[in-house]
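The next block holds one structure in the form of structure tokens; read it before the comments.
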């Protein structure tokens, strides 16, 4: 069941805040040094690659995230977000599949369903 009371882990809340502020540097600090991100067919490993990926997608789409709910399955958090931005069909609902260890994101996979 999706939890609509948005009391996210601090690092996930920081991820959303930094994305909405378009601050790729602070967003990258939400991730472990060896974290992985999967988005739009791309695979990004490490903070510098994640920072560059976020700069590129933010420049391209100018997106803003609105959390709608989440559920926790063992070590995975599935965050449902509405994403507004400069793209066809905006807003679109996405699912952010995250793994958080030691208060840092180690894995993020962004999916449309």
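Looking only at residues in segment 1-18 that are in contact (Cβ under 8 Å) with a residue 12 or more places away in the chain and more than 18 Å from residue 103 (Cα to Cα), which one is surrounded by the fewest Cβ atoms within 10 Å (Cβ to Cβ)? Per the criteria, the residue is 1. Can residue 31 be described as closer than 18 Å to residue 9 by Cβ, touching a helix residue (DSSP H, G or I) at 6+ places or on another chain (Cβ under 6 Å) and touching a residue at least 60 places away in the same chain (Cβ under 8 Å)? Yes. Collect the residues in segment 74-95 that are touching a helix residue (DSSP H, G or I) at 6+ places or on another chain (Cβ under 9 Å) and touching a residue at least 24 places away in the same chain (Cβ under 8 Å), keeping them in residue-number order. 77, 79, 81, 85, 86, 87 - these are the residues of segment 74-95 that are touching a helix residue (DSSP H, G or I) at 6+ places or on another chain (Cβ under 9 Å) and touching a residue at least 24 places away in the same chain (Cβ under 8 Å).
Among the residues of segment 62-73, are any free of Cβ contacts under 8 Å to residues at least 60 places away in the same chain, over 22 Å from residue 103 (Cα atoms) and touching a strand residue (DSSP E or B) at 6+ places or on another chain (Cβ under 7 Å)? Yes, segment 62-73 has at least one match.
For residue 43, state whether it is out of contact with any strand residue (DSSP E or B) (no Cβ under 6 Å at 6 or more places or on another chain) and at positive phi. For residue 43, the condition - out of contact with any strand residue (DSSP E or B) (no Cβ under 6 Å at 6 or more places or on another chain) and at positive phi - is not met.
Give the residues of segment 60-88 that are loosely packed, with under 13 Cβ neighbours inside 10 Å, more than 15 Å from residue 40 (Cα to Cα) and at pLDDT 95 or above, sorted by residue number. Hit for segment 60-88 is 86, nothing else.
The values are calculated or read from the model by the stated rules, or taken from the named source; none is laboratory data. None of these values were measured; they are calculated from a predicted model. Because the Cβ atoms are built from the backbone with ideal geometry, glycine has one as well, and the counts that use them run over all protein chains shown.
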